[in-house]
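The values are calculated or read from the model by the stated rules, or taken from the named source; none is laboratory data. What you see is a predicted model; the values in this text were computed from it and never measured. We place every Cβ from the backbone using ideal geometry, glycine too, and count neighbours over all the protein chains shown. Please note that ligands, DNA and RNA were not included when accessible areas were found on the heavy atoms of the full protein model with its side chains. Shrake-Rupley method; radii C 1.70, N 1.55, O 1.52, S 1.80 Å.
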Amino acid sequence: MLDALGSAIVRGSLEPGAVLRVEELQQRYDVSRTVAREVVRALEGMGLTTSKRRVGVTVRESAGWNHYDPRLIRWQLDGPGRAEALRTLTELRSAVEPSAARFAALRASPEQRGRLRALATRLAGTAKARDLGTFLGHDIEFHHLVLTASGNPMFGQLSEVVAEVLTGRTGHGLMPPEPRPEAVAWHAEVAIAIEAGEASRAERAMADIVVQARDEILELLTPPDR
């Protein structure tokens with residue numbers, strides 16, 4: 001029920017100003033009042049709706065949504081607005097992840113530095129094997145570790161956002177069959193630079209990763225000239 005309503009709001013099937021009533025939702029989805037209210041609370045928590053007595057549950061304008069919520073990101077990537085969602089998410093990554101890599105080089109613990117090197121090695125192996133599922137798992141862990149190793153908890157909380165972007169990219173066929181060698185090499189470069197405490201080098205390599213991801217996504221989403 002939550003996925004159905006959330007997706008409908010994100011797609012625009014339920015437009016801003018549309019009013020939903022708990023009783024109607026109960027009947028439509030054949031659920032109890034308790035379940036319907038839990039779903040409404042979840043939608044309100046994401047900023048998708050607001051509730052008022054004697055009015056009902058009203059769909060909000062997108063400016064009021066919590067765009068960092070992983071479920072909302074998933075619905076956007078699953079819908080017709082995927083290209084725009086990927087554009088905005090890639091811009092966010094471009095702004096944050098290179099800085100996170102810089103600070104990770106300055107602040108990461110010895111354990112975190114070692115784990116990054118190990119993950120870079122695993123990324124190289126799974127890329128060569130064209131095992132995109134395992135590659136994705138290592139990639140998510142790698143970027144999560146860089147964000148948390150930055151020592152900035154606000155960066156760290158973006159890990160789920162980045163994970164959804166990486167998952168959506170793979171799930172929607174926006175990855176090449178074999179991850180490009182230069183991208184794999186840049187992950188290794190980030191890990192080596194962080195391990196060595198070379199902040200500028202780590203920042204540059206992470207910027208290269210995000211820029212290439214952006215270009216690959218745009219290339220696959222842009223219709224060919226006729």
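Laid out as a table, the results:
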item: Filter pass, residue 214 being among the basic types (Lys, Arg) and over 20 Å from residue 119 (Cα atoms); result: yes
item: Hits in segment 163-213 - residues which are in contact with a helix residue (DSSP H, G or I) (Cβ under 6 Å, 6 or more places away or on another chain) and basic (Lys, Arg); result: 201
item: Which listed residue is more than 17 Å from the chain's Cα centre (by Cα) and over 24 Å from residue 77 (Cα atoms), from 178, 182; result: 182
item: Some residue of segment 136-152 being modelled with pLDDT under 95, part of a loop (DSSP other than H, G, I, E, B) and under 20 Å from the mean Cα position of the chain (by Cα); result: no
item: Hey, residue 166 touching a residue at least 12 places away in the same chain (Cβ under 8 Å), open to solvent by less than 60 Å² (accessible area, probe 1.4 Å), under 16 Å from the mean Cα position of the chain (by Cα) and under 13 Å from residue 123 (Cβ atoms) or not; result: yes
item: Entirely in segment 1-108, the helices (runs of 4 or more DSSP H) that have 2 or more residues that are among the polar types (S, T, N, Q), open to solvent by less than 50 Å² (accessible area, probe 1.4 Å) and in contact with a helix residue (DSSP H, G or I) (Cβ under 9 Å, 6 or more places away or on another chain); result: 82-107
item: Enumeration of residues in segment 149-163 that are buried (at least 18 other Cβ atoms within 10 Å of the Cβ) and aliphatic (A, V, I, L, M); result: 149, 158, 161, 162, 163
item: Subset of segment 125-135 [in a helix (DSSP H, G or I) and either under 22 Å from the mean Cα position of the chain (by Cα) or buried (at least 19 other Cβ atoms within 10 Å of the Cβ) (or both)]; result: 126, 127, 132, 133, 134, 135
item: Residue count, segment 1-41 (criterion: in contact (Cβ under 8 Å) with a residue 12 or more places away in the chain and among the hydroxyl-bearing types (Ser, Thr, Tyr)); result: 2
